[in-house]
Amino acid sequence: MENNLFYSRGTNNQKDKSKKNKIDFRKKKENTLASLNEVENFLFNYKHFIKYIKLYKLFKN
């Protein structure tokens, strides 16, 4: 019985874990580029928003 436990905990589980932990670099790259693009767009829009606020305050007075 001990031999069965040893074999069930053996290399099969280690192989399964290594398959689950593989990193898809192409997918990571695409996600990173998409995130950077979103941040860039947000900052660009934020800068324009600040300009509009300054113009509003200028013309308000």
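The values are calculated or read from the model by the stated rules, or taken from the named source; none is laboratory data. Note that the coordinates shown come from a computational prediction; the quantities given were computed from them, not determined experimentally. We place every Cβ from the backbone using ideal geometry, glycine too, and count neighbours over all the protein chains shown. Remember, those area values only see protein heavy atoms, side chains included, never the ligands or the DNA or RNA. Shrake-Rupley method; radii C 1.70, N 1.55, O 1.52, S 1.80 Å.
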task: Heads up, I need the accessible area for K29: 1.4 angstrom probe, whole protein in place, Å², nearest 10.
output: 130 Å²
message: Assuming 0.36 nm per residue, please report the length gained on full extension of the stretch I23 to K57 beyond their Cα-Cα distance.
response: 7.2 nm
task: Could you tally the net charge around H48, taking each other residue with its Cβ under 14 Å from the Cβ of H48, Lys/Arg +1 and Asp/Glu -1?
output: +2
